[in-house]
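The block underneath contains the structure these notes are about, expressed in structure tokens.
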Amino acid sequence: MMDQQYYVDMSGNSENSVTENTIKRLFLLPADAIVQLLFERNGIMTHCRINEAGNTFLFPSNWSTMEFFVQSFRPPAPIHIQGKSDSES
């Protein structure tokens, strides 16, 4: 796993949210990457809520004083299992 650290100025963000595509572009992630946005609350890592469309992370109240963490994963590759053909039996 490669850890990267970025400081992003969100002071101009009046939406209290960030899109998944924005995060993917910032970290140069592929379009099919699975992205999670987390923050620490009372010592516990907590996932940001996401909108109904599933494409925008919603910040918690007092988000402007918090530090956020991004985790990304690649979707699993399909596994192709080939069975024995009748000619091999």
Under 4 °C and 1.567 mPa s, how fast does the chain diffuse according to Stokes-Einstein, given a Kirkwood radius computed over C-alpha pairs? Answer in µm²/s, whole number. 83
Before rounding to the nearest 500, sum -39500 (n - 2.57) across all DSSP H runs of length at least 4 in the chain and divide by the residue total; then give [θ] at 222 nm in deg cm²/dmol. -2000 deg cm²/dmol
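Below 8 Å, C-alpha to C-alpha, sequence gap of six or more: please give me the relative contact order for segment 17-75 in percent.
Relative contact order comes out at 42 percent.
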PRE zone check, label point 7 Å out along Cα-to-Cβ of VAL8, amide N under 17 Å, scope segment 30-52, hits 30-40, 46-51
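Quick note: the coordinates plus some simple rules give every number you see, no bench work behind them. Owing to the predicted nature of the structure, the values given are computational and were not obtained by experimental measurement. When we count neighbours, we look across all protein chains shown, and the Cβ atoms used for this are built from the backbone with ideal geometry, even at glycine.
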